[in-house]
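Participant: One structure is given below, represented as structure tokens, and several questions about it will come after.
The values are calculated or read from the model by the stated rules, or taken from the named source; none is laboratory data. Keep in mind the model is a prediction, meaning the values are calculated, not measured. FYI the Cβ positions are ideal-geometry reconstructions off the backbone, even for glycines, and counts take in every protein chain you see.
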Amino acid sequence: MAPSRITAVILDLDNCLAPADEVGRELLEPMFAAIARANHGTVSSEELDAAFAECWRLPLDAVAQRYGFSPEMLAAGWMAGRLIAVTEPMRGYPDLGALSELSVLLFVVTTGFRRLQESKIEALRLPNLTGAFVDAIDDSQRMGKEGLFREIAERHRLEAESVLVVGDNPESEIAAGNRLGMPTAQILRPGIERGGNATYYIHHLYELRRIVAGVPR
């Protein structure tokens, strides 16, 4: 699929615009400690370590399901996770300057606890953003990324073919964009495995210029 003209770009945040652990791995320690205290042998120490590592890539509800957390573990992590926020400036990846070179509408859509993700967006102070949205796992009326992508397109009267979705996760934002008929670009930051379902594959944000310009792959 090669869209004739890209007029809007939707970007993921964690591991796309900034490393999820940029401010330090201690950021999620209160959540990890709460989960560990509620474990009571439900999950082995090795599996728990693996689950905590996954929390830098996936939201807590997805990790809990994958690793078989008990309801008590999930509830404990949930209560602690909702209180976490970034309180210092973030720099993001060195190529964020590429966004200011794109003459398109720019949106950020990110998944996680609302307070944490909104604090990251604020800490990054991204230039030229048209809008930022959190697919908040702690919202009772959660829309999901697909719902937010659809809402953005409808609100700004954008054809799906003109909206490029950029992110690192083939099972999340890339899959959501594909379902809506939007072109997708997986950004292969260090440590990110290449999926098989994106329209484009890039290693840095400067490569978006050729996609937006319609340059053939």
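Yes or no, residue by residue, for (1) crowded, with 16+ Cβ neighbours inside 10 Å; (2) not assigned by TED's automatic domain parsing to the domain that holds HIS156:
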residue: GLU29; (1), (2): no, yes
residue: ASN39; (1), (2): yes, yes
residue: ALA51; (1), (2): yes, yes
residue: PHE69; (1), (2): yes, yes
residue: LEU74; (1), (2): yes, yes
residue: TYR93; (1), (2): yes, no
residue: SER100; (1), (2): no, no
residue: LEU105; (1), (2): yes, no
residue: VAL109; (1), (2): yes, no
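Participant: Counting residues that are free of Cβ contacts under 8 Å to residues at least 12 places away in the same chain, which helices (runs of 4 or more DSSP H) fully inside the range 113-217 reach at least 2?
Facilitator: In the range 113-217, the matching helices (runs of 4 or more DSSP H) lie at 144-155, 208-213.
Participant: Within the range 157-164, is even one residue within 25 Å of ASP61 (Cβ to Cβ), buried (at least 21 other Cβ atoms within 10 Å of the Cβ) and modelled with pLDDT of 95 or more?
Facilitator: Scanning the range 157-164, I find no residue that is within 25 Å of ASP61 (Cβ to Cβ), buried (at least 21 other Cβ atoms within 10 Å of the Cβ) and modelled with pLDDT of 95 or more, so the answer is no.
Participant: Based on this model, can you work out whether SER162 counts as farther than 14 Å from PHE107 by Cα and more than 12 Å from the chain's Cα centre (by Cα)?
Facilitator: no
Participant: Being among the polar types (S, T, N, Q) and under 12 Å from VAL109 (Cβ atoms) is the filter here, so list the residues in the range 170-185 that pass it.
Facilitator: SER172, the sole residue that qualifies.
Participant: Okay, moving on. For the range 125-145, give me each residue that is buried (at least 18 other Cβ atoms within 10 Å of the Cβ) and within 14 Å of the chain's Cα centre (by Cα).
Facilitator: Within the range 125-145, ALA132, PHE133, VAL134, ASP135, ALA136, ILE137, LYS145 meet the criteria.
Participant: Hey, GLY112 hits all of (1) under 16 Å from TRP56 (Cα atoms); (2) touching a Ser or Thr at 6+ places or on another chain (Cβ under 8 Å) but one; which does it fall short on?
Facilitator: Looking at each condition in turn, GLY112 falls short on (2).
Participant: State the number of residues belonging to the range 5-39 that are farther than 21 Å from ASP61 by Cα, assigned to a loop (DSSP other than H, G, I, E, B) and not basic (Lys, Arg).
Facilitator: Adding up the residues that qualify gives 6.
Participant: Now for a separate question. How about the range 89-112: which of its residues are in a loop (DSSP other than H, G, I, E, B), hydrophobic (A, V, I, L, M, F, W, C) and more than 18 Å from ASP21 (Cβ to Cβ)?
Facilitator: LEU102, VAL104
Participant: Let me ask something else. Taking the range 40-84 on its own, how many of its residues are part of a loop (DSSP other than H, G, I, E, B) and not aliphatic (A, V, I, L, M)?
Facilitator: So the answer is 12.
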